[in-house]
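The values are calculated or read from the model by the stated rules, or taken from the named source; none is laboratory data. Because the structure is predicted, anything quoted here is derived from the model rather than measured. Glycine also receives a Cβ, built like all others from the backbone with ideal geometry; neighbour counts cover every protein chain displayed.
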Amino acid sequence: MSAADSTAQVTKSKTNPSLFFVFTSADCNLSCTYCGATAEDLQMPHRPTYPVDDLAKFFESEDGEGITVVFYGGEPLTSIPFLRKVMDRYPKAQFILQSNVTLLHSLPTEYLLRLWSILVSIDGSEATTDGYRSKGLYKRVMDNVHDAIDRGYKGPLVARMTCSMKTDIAAEAIHLLRDAPVPFTAVYWQMDVGFDAPMNTRWGDFPGWMNNQYKPSLDRLRDFFVAELKEGRAPIIVPFLGVLNTVLGRSAINGLRCGVGVDTWSITTDGRLMICPVGFDEPWNCIGDIHTSTKSDLERVDVAGACDKCSIRNVCGGRCLYVNKTAWWGDEGMDWICEGVRHLVKIMEDLVPDVKKMLEEGHPALEMALDDPALSDFSLEIIP
Ligand code: SF4
Ligand code: SF4
């Protein structure tokens, strides 16, 4: 079956929905080179149009117990009053903020301190971040992260990078983990691929970038990771540790690594339900609304097509439902995207003997890193 033929399979198996991306706003206060989406692009109202009380019936939880809410947008902090209402109404829920953090200083400390984790959109060094996102952005992010720490925030600060054509992923990740004014506790990245068509419209030569830039850079990041392990440290490079957990046999995966279609779903500003928070205009992605469904009604959705025949599906998980379903880059482009996944899996498999030895001899930092909640609880795209 060609990638373009692939269809998301809706099976009848029940899921365990527990994490919801809640759009608090369709607006964003930035216009990044690889995104620039507006409320009109997102095809939903600028602000939530449903009362927060309506979530209780859908959640099947009066106080939010057992639910994790990821505040999402647009930029979620352009809608702080709604965010506060959700936190006040569902005191037992866990809250994650996925944000560019340029407005984090406006979030009252009482609410800041209730966040379980902050996923910060930043692309690496100052030059790379400002180049993609806007001049002065890096400093604003660092100032606001610093301010959050000064106000008492002690939770995870996870850098979520977009990896695009000017990215040297090793340099960017090492910068954020080790050299930034406020080092991040974990890093992961999403590839800026498969969202437009055809493959080389923006990239020019994606296969060349993959072979000559990305894969050698992944190798350099692996070398950094190994050097750190030898010093008794274990930087939380989410794709490395997530894949290592699987190839070490410590944890099997259950569908997509980001969790969508298994235990993770999205709620638009007008209360519609989506499988993945990207793909708001895709009919296959729109599966109902919070007023006519409850979380128990949600049925599992899996990738299909090329993934069904892939020898590393049990490690990859299928990478991305949106890209699998839309297949904008066609078979050849999809294969080049998967080349990056294959390389990541290969270099982690090659580390298994050394890592096993380190664990047998005792490596507390690595043990802790392999159990880090960033690998399991925050719906991160572990496969870039
Ligand atoms: S590498 Fe991942 S995304 Fe690519 S075909 Fe295999 S399972 Fe699917
Ligand atoms: S990896 Fe793909 S399917 Fe998963 S949340 Fe991101 S865009 Fe959606």
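Before moving on, here are some points about what is shown:
- Residues in segment 333-348 that are within 15 Å of ligand 2 (Cβ to nearest atom) and not β-branched (Val, Ile, Thr) were compared, and the one that is nearest to Asp219 (Cα to Cα) is Leu344.
- Taken over segment 352-384, the criterion of being buried (at least 19 other Cβ atoms within 10 Å of the Cβ) and within 16 Å of ligand 2 (Cβ to nearest atom) is satisfied by Ala374, Leu375, Phe378, Ser379, Leu380, Glu381, Ile382, Ile383, Pro384.
- Residue within segment 5-24 that is in a loop (DSSP other than H, G, I, E, B) and at pLDDT 95 or above present: yes
- Met210, sole failed condition from (1) crowded, with 16+ Cβ neighbours inside 10 Å; (2) in a loop (DSSP other than H, G, I, E, B); (3) within 16 Å of ligand 1 (Cβ to nearest atom): (2)
- Considering segment 261-272, the residues that are of a type in the set (A, V, I, L, M, F, W, C) and at pLDDT 95 or above include one that is nearest to ligand 2 (Cβ to nearest atom), namely Trp265.
- Hey, Ser217 among the small types (Gly, Ala, Ser) and in a loop (DSSP other than H, G, I, E, B) or not: no
- For segment 280-309, a residue qualifies if it is assigned to a loop (DSSP other than H, G, I, E, B) and within 16 Å of ligand 1 (Cβ to nearest atom), and the qualifying residues are Val303, Ala304.
- Residue that is farther than 21 Å from Arg202 by Cβ and either in contact (Cβ under 8 Å) with a residue 24 or more places away in the chain or acidic (Asp, Glu) (or both), where the choices are Val341, Val315: Val315
- The set of residues from segment 102-136 being without any contact (Cβ under 8 Å) to a residue 24 or more places away in the chain and within 16 Å of Arg160 (Cα to Cα) comprises Glu126, Thr129, Asp130.
- Residues in segment 310-328 that are closer than 19 Å to Thr264 by Cα, near ligand 1 (Cβ under 7 Å from one of its atoms) and of a type in the set (D, E, K, R): Arg319 alone.
- Boolean, Lys139 is in a loop (DSSP other than H, G, I, E, B) and without any contact (Cβ under 8 Å) to a residue 24 or more places away in the chain: no
- Selection from segment 170-197 of residues that are farther than 24 Å from Trp116 by Cα and in a loop (DSSP other than H, G, I, E, B): Asp192, Val193, Gly194, Phe195, Asp196, Ala197
- Tyr138 being at pLDDT 95 or above and over 21 Å from the mean Cα position of the chain (by Cα): no
Per-residue answers, yes or no, for (1) under 30 Å from Thr49 (Cα atoms); (2) modelled with pLDDT of 95 or more; (3) more than 19 Å from the chain's Cα centre (by Cα); (4) buried (at least 21 other Cβ atoms within 10 Å of the Cβ):
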residue	(1), (2), (3), (4)
Ile174	no, yes, no, yes
Val193	no, yes, no, yes
Pro235	no, yes, no, yes
Pro239	no, yes, no, yes
Leu248	no, yes, yes, no
Ile253	no, no, no, no
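- Summed over segment 275-298, the residues that are in contact (Cβ under 8 Å) with a residue 24 or more places away in the chain and either of a type in the set (S, T, N, Q) or within 16 Å of ligand 2 (Cβ to nearest atom) (or both) give a count of 14.
- Taking every residue in segment 360-384 that is farther than 24 Å from Ile67 by Cα and pairing it with any residue that is more than 16 Å from ligand 2 (Cβ to nearest atom) and among the acidic types (Asp, Glu), at least 6 positions away or on another chain, the pairs with Cβ-Cβ distances below 9 Å are Ala365/Glu228.
- Being away from ligand 1 (no atom under 16 Å from the Cβ), in contact with a Phe, Trp or Tyr (Cβ under 8 Å, 6 or more places away or on another chain) and assigned to a helix (DSSP H, G or I) holds for only one residue in Ala369, Ala365, Ala374, and it is Ala374.
- Whenever a residue of segment 249-260 is farther than 13 Å from Ile312 by Cα and in a strand (DSSP E or B), its partners that are away from ligand 1 (no atom under 14 Å from the Cβ) and not hydroxyl-bearing (Ser, Thr, Tyr), lying with C-beta atoms within less than 7 angstrom and at least six residues away or across chains, give the pairs Val260/Ile275; Val260/Cys276.
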